[in-house]
Amino acid sequence: MEQPEDTDKLREEAIAWLVRLHAPGCNEAERRACNRWLAESPRHRAAYAQAEAQWRWMEQFKSQRFRAREDALRYRPKNKLTPKRLVIFATAASLLLFCGMIVLRLGGWYDVGTRYIAAKGEREVVVLDDGSRLELNTDSEIKVHLNRWRRSVELVRGEVYFNVTHDGERPFEVQAGGGRTTDIGTAFEVYLQPETVLVAVQEGRVRVEARGSCNLAAGQQITYNRRGEFSMIPAREIADLTAWRQGRMVFHDRPLSEVLSEIGRYHDISIRISDAKQRNLRVSGAFRTASLDAILNTITSTLPVKVERINEHEVLLKPLGKKS
C-alpha cells in the first residue's frame, strides 16, 4: 500500500530543486525534470512554494554576516554541480533556510509544526490563533503549520472536524493520505481510514485534490484511495457522520464487521467474529461511544449472535446455539 510522503523528506526535495534551479549552469533538461516533479503531486507544488517563499524572504540577509550563513556558504560550488556536490549545496541551503525559519518563528511569521493528539476513547478541541476550531475524534493525530502565507494541517491518523475561519489571502489546507483538501469558507470533516480518505462537507465548499480534483458543496462527500483515485460513496447524513462530536455512533444498515471496526476505535479491546458468515449481518441504530456493554447488548439482542469474553481485552462474537 502506498504511503503518504514524509513531510521532512518532501521539504528537503523541494529545497534541492530550488537550489538546482538557482545554481549557475542550470540547463533546460533540469528545468523540465523539476517541472515533472512539481506535476506529480499538489504536495510537491505546495512544498516548493513554501521553500521559494522562504528563499525570497532570506534575500534581505545576503549582505549581513552571521556565523550560520558563513558556515553554509563555505559549501557554495564554484564549478558545475555534480550529484555529490548538489547534496552538499542543498544541505547548506537547508541550513540557511532553517536559520530563516527560526527568525520567522521568533517573529511570529512561521510555525515549524505543532502536534495535537486525541487518545483512544477521548476527543480534543483545538482553537487556532486565527479562530479556526478543530475537533479531533478518538485516536487521532494532526500536525498544524501556520505561517504568513498559508495554514496547513497534516492528518497523521484518525478523524477531524474542521470549522474554518476563512481568509482569502491565506488558504487553509488539510493533507491526508496523499491528497489535499482546501477550505473555501467551510465546516467539513476528514477521516483517514486504512485504505481511503473520506471528506464530507457540512457548510460552505472545499476543493479536494488527489490524482484529480473536485469541488464539494454542503451535504456532499467523497473518498479517495492511496493512489489518489476518487470514488463516489452512498450518501449519508452529515449529522450521522459527525455524531461522534456528541459522543454517539449512528449506523444505517452497515455490515457487522464495519460496525465492530468503528467500535474498536473507541475502546482498548479486540472484538473478533468466529464465523465468517456473521461479517455481513446488518446493523442499524444509534449508540453511545463510551458504553461498550450497552453496544454489545444491543447487538446481541437484535442479531443471532452471542458474546463470549475471552479476557479483559478480547471479546468473541459467536453464532447463537454454537457451543463454546
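The values are calculated or read from the model by the stated rules, or taken from the named source; none is laboratory data. This is a predicted model, so every value here is computed, not measured. All Cβ positions, glycine included, derive from the backbone under ideal geometry; neighbour counts span all protein chains shown. Protein only, heavy atoms only, side chains kept; ligands, DNA and RNA dropped before computing areas. Shrake-Rupley method; radii C 1.70, N 1.55, O 1.52, S 1.80 Å.
Only residues in the range 247-259 that are in contact (Cβ under 8 Å) with a residue 24 or more places away in the chain and small (G, A, S) count as the first member; pair them with residues that are loosely packed, with under 15 Cβ neighbours inside 10 Å and part of a strand (DSSP E or B), Cβ under 7 angstrom, at least 6 apart or cross-chain, and list the lot.
As it stands, the answer is G247/R288, since those pairs meet every condition given.
For the range 169-215, which fully contained strands (runs of 3 or more DSSP E) count at least 2 residues that are touching a Phe, Trp or Tyr at 6+ places or on another chain (Cβ under 8 Å) and either free of Cβ contacts under 8 Å to residues at least 40 places away in the same chain or surrounded by fewer than 23 Cβ atoms within 10 Å (Cβ to Cβ) (or both)?
By residue number, 179-183, 187-192, 196-203, 205-209.
Do you know which residues across the range 39-53 are open to solvent by less than 60 Å² (accessible area, probe 1.4 Å) and either among the small types (G, A, S) or farther than 13 Å from L21 by Cα (or both)?
Across the range 39-53, the qualifying residues are S41, P42, R43, H44, A46, A47, A49, Q50, A51, A53.
Is there any pair with a first residue in the range 17-44 that is within 22 Å of V208 (Cα to Cα) and a second that is outside any helix (DSSP H, G or I) and of a type in the set (D, E, K, R) whose Cβ atoms are under 7 Å apart and which are 6 or more apart or on different chains, and what are they?
P42/R180; P42/E209; R43/E5; R43/R180
Among the numbered criteria (1) on the phi < 0 side of the Ramachandran plot; (2) open to solvent by 20 Å² or more (accessible area, probe 1.4 Å); (3) charged (D, E, K, R); (4) in contact with a strand residue (DSSP E or B) (Cβ under 6 Å, 6 or more places away or on another chain), which single criterion is violated by K318?
If we test K318 against (1) on the phi < 0 side of the Ramachandran plot; (2) open to solvent by 20 Å² or more (accessible area, probe 1.4 Å); (3) charged (D, E, K, R); (4) in contact with a strand residue (DSSP E or B) (Cβ under 6 Å, 6 or more places away or on another chain), just (2) comes out false.
Under the condition of being assigned to a loop (DSSP other than H, G, I, E, B) and either of a type outside the set (A, V, I, L, M) or within 12 Å of A51 (Cβ to Cβ) (or both), which residue from the range 17-34 is least open to solvent (accessible area, probe 1.4 Å)?
Step by step, filter the range 17-34, then rank; the result is C26.
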